[in-house]
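Only one structure is covered here, and it is reproduced in the block below.
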Amino acid sequence: MSKVEAEGTNGDKPAESTEKIAENIEKLNVENEEDDGEEEEVNGEGAAPSGEKKKKKKKKNNKKKKKTIVPITQIYPDEKYPEGEWQEYKDTNNFRTTNEEKRYLDRQDDSRWNDFRKGAEIHRRVRKHLNNVLQPGLTTTEIAETIENSVRTFMNEEDTKKAGIGFPTGVSLNHCAAHYTPNAGDKTVLKYEDVMKVDYGIHVNGYIVDCAFTKTFDPKYDTLLKAVKAATNTGIKEAGIDVRLTDIGEAIQETMESYEVELDGETYPVKCIRNLNGHNIAPYHIHGGKSVPIVKNGDETKMEEGEVFAIETFGSTGRGYVIPEGECSHYAKNVDAPHIPLRLNKAKTLLANIDKHFGTLPFCRRYLDRIGEDKYLFALNSLVKAGIVQDYPPLNDSRGSYTAQYEHTILLHPTQKEVVSRGEDY
Ligand SMILES: [Co+2]
């Protein structure tokens, strides 16, 4: 994996970086207070170190009360979470919108839909404030941890298999399109000219919301981002019950490839990364078995009533094809993992711990560190070799290229589709 190292940026000594993120989190908390001014003051477990907290508190006391991210149940005490954006099914399937039988069927699934909406609401709230926090000079570790700690505080659930983080926080940079999150010791620093794919997920009872955006600081990438955002929205618009997957891919490709971008005096066509796909989402299973292509690929499989899909598209100024490359951080236990006797004791206990904390939800090495696992790499690799755990290495396009991603989770209700993760931002 190609790392963007610290050299050349100012003020990114670890100490100052920590200071900076504490400041940012403080800012995030204060803004949170402005949004939800009617709520009680809660001294929740914010991510800011307590020393920093005290200092900043003093400074800002004259303006407004100190407030931190609060559990989402305090904001929605009735546990009914906001609906996403509704879109009618196309053509003859629009009869479903008002059909009584379909409406009855849909109500049978209310609690599942509400679980998705809870995750989506947390996703929106985290990303809303992320945009004020993200700035050049932060390490990718600080960024990922800010996201993860915010999710944990909003969710306020100890049992990570009941609800919480859905998969590792992707903060893939530039020609790396996906599946990069820092491992311990990674000192990568975000730079002004970087293109970062922020891909994180939240699950409630195994129902995972998978949603991503691209963060840039330099406006020269605006057209690239616009192309990918439009392509994802095309995919969402085309998706529906009985729609063939290849037709969605074809429509996405047409939108994406109608753009070209000029970067530093060179013009590039925007290409779809043809071996990256959207996917359906099954309980505790992020890649449920169906792939939503982002090019015309001939797959005539159809979407079905009640299914949930992650519609994600990737645009690139490179070759439009990724290869696995670099140090792996992402892993998940295979849903159909073979039951084979493990000779290594360390592998046995590691697997038991994975079962306990993640089940088949994807995890990364930092999450293993967090649950107290130590020197587990050999054991982890043996689980990969045994086919029990799957590794997901970083996926890179050609060096020097830039890749962007937008992603939403859509719920194919019997009546209409719901873009559950839609927000004001994207
Ligand atoms: Co996805």
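The values are calculated or read from the model by the stated rules, or taken from the named source; none is laboratory data. Quantities reported herein were computed from a predicted structural model and do not represent experimental measurements. Neighbour counts are summed over all protein chains in view; Cβ atoms, including those assigned to glycine, are modelled from backbone coordinates with ideal geometry. Please note that ligands, DNA and RNA were not included when accessible areas were found on the heavy atoms of the full protein model with its side chains. Shrake-Rupley method; radii C 1.70, N 1.55, O 1.52, S 1.80 Å.
A few notes on this one:
- Selected residue (only one of LYS333, LYS296, LYS356 is open to solvent by 30 Å² or more (accessible area, probe 1.4 Å) and farther than 23 Å from GLY166 by Cβ): LYS296
- TYR200 being within 16 Å of the ligand (Cβ to nearest atom) and over 26 Å from GLU424 (Cβ atoms): no
- Tally, over segment 359-385, of residues that are open to solvent by less than 30 Å² (accessible area, probe 1.4 Å) and of a type in the set (A, V, I, L, M): 5
- Looking across segment 205-229, the residues that are aromatic (Phe, Trp, Tyr) and either more than 14 Å from ALA404 (Cα to Cα) or within 14 Å of the ligand (Cβ to nearest atom) (or both) come down to TYR207, PHE213.
- Residue in segment 212-224 that is in contact with a Ser or Thr (Cβ under 6 Å, 6 or more places away or on another chain), modelled with pLDDT of 95 or more and either crowded, with 23+ Cβ neighbours inside 10 Å or not in a strand (DSSP E or B) (or both) present: no
- When the test is whether a residue is open to solvent by less than 50 Å² (accessible area, probe 1.4 Å), of a type outside the set (A, V, I, L, M) and modelled with pLDDT of 95 or more, GLY265 does not pass it.
- Condition check for THR255: assigned by the TED database to the domain that holds THR409, in contact (Cβ under 8 Å) with a residue 24 or more places away in the chain, farther than 23 Å from PRO393 by Cβ and within 16 Å of the ligand (Cβ to nearest atom): no
- Enumerated strands (runs of 3 or more DSSP E) restricted to segment 230-295, each holding at least 3 residues that are more than 19 Å from TYR426 (Cα to Cα): 260-263, 266-269
- Count of residues meeting criterion [closer than 19 Å to MET256 by Cα and either surrounded by fewer than 16 Cβ atoms within 10 Å (Cβ to Cβ) or within 11 Å of the ligand (Cβ to nearest atom) (or both)] in segment 299-315: 5
- Residue check, GLU158 free of Cβ contacts under 8 Å to residues at least 12 places away in the same chain and either among the charged types (D, E, K, R) or touching an Asp or Glu at 6+ places or on another chain (Cβ under 7 Å) (or both): yes
- Scanning segment 132-159 for residues that are over 29 Å from VAL322 (Cβ atoms) and out of contact with any Gly (no Cβ under 7 Å at 6 or more places or on another chain) yields ASN132, ASN149, PHE154, ASN156, GLU158, ASP159.
- Any hit, segment 65-79, residues being assigned to a loop (DSSP other than H, G, I, E, B), loosely packed, with under 14 Cβ neighbours inside 10 Å and at pLDDT below 70: yes
- Unique match (being of a type in the set (Asp, Glu) and more than 21 Å from THR232 (Cβ to Cβ)) among ASP397, ASP391, ASP425: ASP391
- Listed conditions (1) open to solvent by 40 Å² or more (accessible area, probe 1.4 Å); (2) within 16 Å of the ligand (Cβ to nearest atom) are all met by ASP242, apart from (2).
Rundown of residues vs (1) more than 26 Å from LYS333 (Cα to Cα); (2) without any contact (Cβ under 8 Å) to a residue 60 or more places away in the chain, yes/no style:
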{"position": "TYR259", "(1), (2)": "yes, yes"}
{"position": "LEU263", "(1), (2)": "yes, no"}
{"position": "TYR284", "(1), (2)": "no, no"}
{"position": "LYS290", "(1), (2)": "no, yes"}
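- Residue check, HIS287 within 14 Å of the ligand (Cβ to nearest atom) and open to solvent by 60 Å² or more (accessible area, probe 1.4 Å): yes
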